[in-house]
Amino acid sequence: MNYDRSEQLYEKARKLIPGGVNSPVRAFRAVGRHPFFVERAKGPWLFDADGNRFLDYVCSWGPGILGHAHPKVVEAVRRVCEGGLTFGAPTAREVELAELINACVPDVEMVRLVSSGTEAVMSAVRVARGFTGREKIIKFAGNYHGHSDGLLVKAGSGLMTQSVPDSAGVPAGYAGSTLTAVYNDEESVRALMEENHGQVAAVLVEPVAANMGVVPPVAGFLEFLRRITKEYGALLIFDEVITGFRLSLGGASQFTGVHADLYTFGKIVGGGMPLAAYGGGREVMSCVAPLGAVYQAGTLSGNPVAVTAGITTLKILMDDTGIYDRIDKKARRLAEAFGDAGLTVNRAGSLLSAFFVTGQNASGRKVENYEDACRCDREAFAAYFNHMLDRGIYVAPSQFEAMFVSDAHSDELIETTCGAIEAWIGGKTNG
């Protein structure tokens, strides 16, 4: 493939934008190449500035559950744009989206719209602190909750890709109130609860981790978190910026049967537009201004264009719940291909990751936490990534990101992808 135009754009971008990108993983450094620049997208396809076409399994990191540029979503956005882009005042659409979120996730009796997943999680943590009168929170190594200061402690995703344990510029006091436990390890949580008795405001967790690769909770882990938070008077926060409306229409609570006190949503809730939300029970959310003393505000919160994209997307998902069975089946087929290739593969619904685990008896070894994920062979992953991209298949340029399946991926395209996986293994074996 020719990447001349993308290379020209990247050289120019590096002079104007840190690293040439506006989010670190996009730089492709972990896979030893420069990024391509996308010009447009449709259905399961991305088209770059050089006219190359890629089968997309990144789906803008999750929101593309329907595929790119779904005609109903695009038309709805086009119509609303004619009436204005932002008002800084309430609209009926905000009420409608809140009603839809509540219909999908009944635990969310009240919801506040914001503009990004980082903002949603930061705000939910503030609510938990305001409601409980406590300062400390427990998070898990390898769980990523956005780039707010207090949460960049043992974070996953881009930080893992670049081998950066924490971020410079974060005051020690901010991180000092964040306690880090081991994902899928009950004893690590209980020890922190006991050592900080009466000080923990909330346990914050990705109910299915998707930022150290996909790592589902082991049996009983989320149930344990629900019990211990109640036992110690803390709140349980589900960070569903990725899993919300993707694992199922009701997100993690429907998928796992475990119910949290607060939820954060992003990605799909905005239909691909910059929109996120946090919410929970009426008692807890009544702490938020102007009802309560927890302050949070935003000029673009509830932006009419983003809200319209979210409403349209959720309505499509509600009208055709068979989408979830279809994408689950396709993801299962991909997981089988990775498994047949001897890789460790984790899957939850339409989210999956193939792990290039190293060491003795690596084939089939479980990846259940941050340390397990860190044992992966990043060079082997980079070779696999480049093999796939050279065949026009775009997967996340990091071992520690998820692979997303959309309803636009046909069975035929899934089989083509399985063939590329098999060809990579075959070529590696023959080499």
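The values are calculated or read from the model by the stated rules, or taken from the named source; none is laboratory data. The shown structure was predicted, so the numbers you read here are calculated from the model rather than taken from an experiment. Note: ideal-geometry Cβ built from the backbone for every residue, glycine included; neighbour counts use all protein chains shown. Please note that ligands, DNA and RNA were not included when accessible areas were found on the heavy atoms of the full protein model with its side chains. Shrake-Rupley method; radii C 1.70, N 1.55, O 1.52, S 1.80 Å.
Annotations for the structure displayed:
- Among the residues examined, Ala98 qualifies as part of a helix (DSSP H, G or I) and of a type in the set (Gly, Ala, Ser).
- Here Arg112 fulfils each of the conditions (1) at pLDDT 95 or above; (2) surrounded by fewer than 20 Cβ atoms within 10 Å (Cβ to Cβ) apart from (2).
- Total residues in the range 271-298, condition within 22 Å of Glu82 (Cβ to Cβ) and either assigned to a helix (DSSP H, G or I) or modelled with pLDDT under 95 (or both): 1
- Filter result for Asp340 (free of Cβ contacts under 8 Å to residues at least 60 places away in the same chain and surrounded by fewer than 23 Cβ atoms within 10 Å (Cβ to Cβ)): no
- Unmet criterion (only one of (1) out of contact with any strand residue (DSSP E or B) (no Cβ under 7 Å at 6 or more places or on another chain); (2) among the aliphatic types (A, V, I, L, M); (3) farther than 26 Å from Phe356 by Cβ) for Val218: (3)
- 1 or more residues open to solvent by 30 Å² or more (accessible area, probe 1.4 Å): qualifying strands (runs of 3 or more DSSP E) within the range 172-247: 178-181
- Residues located in the range 385-402, provided they are open to solvent by less than 10 Å² (accessible area, probe 1.4 Å) and among the hydroxyl-bearing types (Ser, Thr, Tyr): Ser398
- Residues of the range 317-340 that turn out to be touching a Gly at 6+ places or on another chain (Cβ under 9 Å) and of a type outside the set (Ser, Thr, Tyr), as a count: 5
- Count - residues of the range 370-401 that are assigned to a strand (DSSP E or B), among the hydroxyl-bearing types (Ser, Thr, Tyr) and at pLDDT below 95: 0
- Lone unmet requirement of (1) buried (at least 23 other Cβ atoms within 10 Å of the Cβ); (2) touching a Leu at 6+ places or on another chain (Cβ under 7 Å); (3) within 18 Å of Gly270 (Cβ to Cβ) for Pro63: (2)
- Test result for Gly310, at positive phi and touching a helix residue (DSSP H, G or I) at 6+ places or on another chain (Cβ under 7 Å): no
- Of everything in the range 115-140 that is open to solvent by 50 Å² or more (accessible area, probe 1.4 Å) and in a helix (DSSP H, G or I), the residue that is nearest to Ala191 (Cα to Cα) is Arg129.
- On the stretch given as the range 101-114, residues that are touching a strand residue (DSSP E or B) at 6+ places or on another chain (Cβ under 8 Å) and in a helix (DSSP H, G or I) total 2.
- Here Val38 fulfils each of the conditions (1) open to solvent by 60 Å² or more (accessible area, probe 1.4 Å); (2) among the hydrophobic types (A, V, I, L, M, F, W, C); (3) out of contact with any strand residue (DSSP E or B) (no Cβ under 6 Å at 6 or more places or on another chain) apart from (3).
- Inter-residue pairs, beta-carbon under 7 Å, first free of Cβ contacts under 8 Å to residues at least 40 places away in the same chain and in the range 184-196, second surrounded by fewer than 20 Cβ atoms within 10 Å (Cβ to Cβ) and in a loop (DSSP other than H, G, I, E, B), 6+ apart: Ser188/Val182
- Flag if Gly272 is surrounded by 15 or more Cβ atoms within 10 Å (Cβ to Cβ) and touching an Asp or Glu at 6+ places or on another chain (Cβ under 6 Å): no
- Meets criteria (in a strand (DSSP E or B), among the aliphatic types (A, V, I, L, M) and either closer than 29 Å to Thr180 by Cα or over 20 Å from the mean Cα position of the chain (by Cα) (or both)) for Ala354: yes
- Count of residues meeting criterion [part of a strand (DSSP E or B) and not aromatic (Phe, Trp, Tyr)] in the range 14-53: 9
- Answer from Ile316, Ile323, Ile268, Ile311 - the residue that is modelled with pLDDT of 95 or more, in a helix (DSSP H, G or I) and farther than 17 Å from Ala408 by Cα: Ile311
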